[in-house]
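The values are calculated or read from the model by the stated rules, or taken from the named source; none is laboratory data. Note that the structure is predicted; figures quoted are calculated from it, not measured. Virtual Cβ from ideal backbone geometry, glycine too; neighbours counted across all protein chains shown.
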Amino acid sequence: MRVRNLKELQDNIFKIPRDSMLYHISRNHMSRWLSARAIFPVSSFLKDITWHKLQDVDMHRQIIFDAIVAYRRMRNVGVVALFDRHKFDRYAHFARIGDGSLGGKGRGLAFLDNVIKLRPDFNRFPNAKVQIPKTVVLCTDVFDSFMEQNNLYQIALSDASDEEILQAFLRAQLPDEYIGDFFTFSRISMKCSECWLVRLKPSMLQFIIVTPKLI
């Protein structure tokens, strides 16, 4: 059996033959393997759980499995989920459209969302709930696609008036692959007074805010 990454180790830890497992844990190979892959928190934790201290192969399996699960959960705290028009509803809280960077505003909101989730004491007051609005962030690749498809960089970077720039953006067409996402979010946001759609550029933000009125 060959294990190439953390996910495969988690999936196969209970399948590794006992003799092989004993060979590796008795020589501290698990900790070294994790350290070589820069997974230092789990490596450091397992380094202190030696065969000399705990001579039970199955217990070692469970401890390694639990440590990996805890580590992966820790890494996923604050991760912004990819928007899925088939699953997003009024109960969804924070998502992104696109695979690029969140941008400054998006990262700031994601950071605040994470801080609030990690501090339950923020909500210790009755009738007061601390939270950010339900948010969908348009990543930079969506914005770039919109700008390039409609040749908007030239006018956006020109000396044209704000009104001329706004009208150019309003005449532009959204990238076809995202139209369904925008319609889904627009429909849900009409039912929700706490929905935000965030983008880096004010002109793009104006365009998206105007769009729901057309639906």
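For this structure, a couple of remarks:
- Within the range 110-127, tally of residues that are surrounded by fewer than 14 Cβ atoms within 10 Å (Cβ to Cβ) and in contact with a helix residue (DSSP H, G or I) (Cβ under 9 Å, 6 or more places away or on another chain): 2
- Cross-chain or 6+ apart pairs with Cβ under 9 Å, the range 110-133 first and under 20 Å from residue 97 (Cβ atoms), then basic (Lys, Arg) and surrounded by 10 or more Cβ atoms within 10 Å (Cβ to Cβ): 110/96
- Among the residues of the range 27-49, none qualifies, meaning not one is touching a residue at least 40 places away in the same chain (Cβ under 8 Å) and part of a helix (DSSP H, G or I).
- Those helices (runs of 4 or more DSSP H) lying entirely in the range 87-173 with at least 2 residues among the basic types (Lys, Arg): 103-118
- When the residues of the range 93-109 are filtered to those that are at negative phi, in contact with a strand residue (DSSP E or B) (Cβ under 7 Å, 6 or more places away or on another chain) and small (Gly, Ala, Ser), the one that is surrounded by the most Cβ atoms within 10 Å (Cβ to Cβ) is 106.
- Which listed residue, of 55, 62, is in a helix (DSSP H, G or I) and among the polar types (S, T, N, Q): 62
- None of 97, 132 is in contact with a Leu (Cβ under 6 Å, 6 or more places away or on another chain), of a type outside the set (Ser, Thr, Tyr) and modelled with pLDDT under 80 except 132.
- Hits in the range 1-19 (condition: surrounded by fewer than 11 Cβ atoms within 10 Å (Cβ to Cβ) and either out of contact with any helix residue (DSSP H, G or I) (no Cβ under 7 Å at 6 or more places or on another chain) or β-branched (Val, Ile, Thr) (or both)): 2, 4, 5, 15, 17, 19
- All positions within the range 174-184 that are part of a helix (DSSP H, G or I) and of a type in the set (A, V, I, L, M, F, W, C): 179, 182, 183
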